[in-house]
Amino acid sequence: MNQQSEVSRMGFVIAGGKSSRMGANKAFLDFHRQTLLSRALAALTEACGNATIVGDPEAFANFGPVVADVFAGCGPLAGIHSALLHSPADLNLMLAVDMPFVSGKLLQFLLRVAETTDAIVTVPRTTRGLQPLCAVYRRDFVSTAEQALRAGGYKIDATFAHVPLRVVEEPELVAAGFSEKNFFNVNTPEDRHTADDLSSLP
């Protein structure tokens, strides 16, 4: 395998949030005998053979490669920016640490779609809207993210107006065997209980 193919895809767990609504670092929250962090790392590794954490280097020092936010305290867009700044790959999977139902197969599907388009971002959309924290970003997005962050704009969706998108609509997701459940995220203790209920559904 040549060097170019080795770095054609990178996977990043966005784990830099303060978890204020959860009351503890949700990356280490147990869900079915695995932490949310370990589930995310496993899904990314299955999809692209590697996984890097974007977050506090001290908190995650024992869990693999870690990239710190350049724009600290500026939310997930800052995490995406830092990931792309350090990535040697063109296609970069971004996955929030708090999405326990994202599988390696879903991430592989998104990568396959991204490979068929020149769009800067390949992003799913469900009835809840775009899912920018389970999406594929080309490295070129780093400049758009940096411009937004320097201007004080921290909303990921707002940056999408400035780049070509490939939106994976819900019917396409369903046809590939996925559902809105896959994109459920755990922000609060109540969400944690809801995730338990959802885990019994197909």
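Could you tell me the accessible area of residue 45 in Å² (1.4 Å probe, neighbours in place), rounded to the nearest ten?
Here the residue's solvent-accessible area equals roughly 70 Å².
Largest first, what is the accessible-area ranking of 190, 172 with a 1.4 Å probe?
On the way: 190 120, 172 65 Å².
The most accessible residue leads, giving 190, 172.
Report the accessible area of residue 167, computed with a 1.4 Å probe over the heavy atoms of all protein chains in place, in Å² rounded to the nearest 10.
My reading of the accessible area for residue 167 is about 30 Å².
Tell me the net charge near residue 53. Cut-off is 15 Å between Cβ atoms, residue 53 excluded, with +1 for each Lys or Arg and -1 for each Asp or Glu.
Numbers: positive: 26, 39; negative: 56, 58, 69, 98.
Result for the neighbourhood of residue 53: -2.
Run the numbers on the range 67-202 and let me know its relative contact order in percent, using alpha-carbon pairs under 8 Å that are six or more apart.
Values: 187 pairs, mean separation 40.1, N = 136.
Dividing the mean separation by the residue count of the range 67-202 yields 29 percent.
Report the gain in length on full extension from residue 115 to residue 174: 0.36 nm times residue separation, minus Cα-Cα distance, nm rounded to one decimal. Could the numbers behind the result be given before it?
Details: separation 59, 0.36 × 59 = 21.24 nm, distance 1.96 nm.
Answer, rounded to one decimal: 19.3 nm.
Of 169, 58, 115, 146, which has the most accessible area with a 1.4 Å probe, and how do the rest follow in descending order? All intermediate terms of the calculation are to be shown ahead of the outcome.
Values: 169 70, 58 160, 115 95, 146 50 Å².
Sorted by accessible area, descending: 58, 115, 169, 146.
Calculated from DSSP H runs of 4 or more alone, at -39500 (n - 2.57) each and per residue, what is the 222 nm mean residue ellipticity of the chain, nearest 500?
On the way: 8 runs with 70 residues, N = 202.
Taking each H run of at least 4 residues, the total per residue is -9500 deg cm²/dmol.
Find the eigenvalues of the gyration tensor of the Cα atoms of the range 41-131, then list the square roots of 5 times those eigenvalues as equivalent ellipsoid semi-axes, largest first, in whole angstrom. Each step should come with its number before you reach the end.
Numbers: eigenvalues 93, 47, 40 Å².
Gyration-tensor ellipsoid for the range 41-131: 22, 15, 14 Å.
Suppose the Debye formula is applied to equal point scatterers at every Cα of the chain; what is log10 I(q)/I(0) at q = 0.08, 0.13 Å⁻¹?
-0.24, -0.66
Debye sum, Cα scatterers, the range 68-117, no solvent: what log₁₀ I/I(0) at q = 0.13, 0.30 1/Å?
One equal scatterer on each Cα of the range 68-117 leads to -0.38, -1.11.
Connecting C-alpha atoms closer than 10 Å in a GNM of the chain, tell me which of 138, 112, 39 has the biggest fluctuation.
112
The values are calculated or read from the model by the stated rules, or taken from the named source; none is laboratory data. This is a predicted model, so every value here is computed, not measured. So basically every Cβ, Gly included, is an ideal-geometry build from the backbone, and we count neighbours across all protein chains shown. The area values use the complete protein model at the heavy-atom level, side chains included, leaving out ligands, DNA and RNA. Shrake-Rupley method; radii C 1.70, N 1.55, O 1.52, S 1.80 Å.
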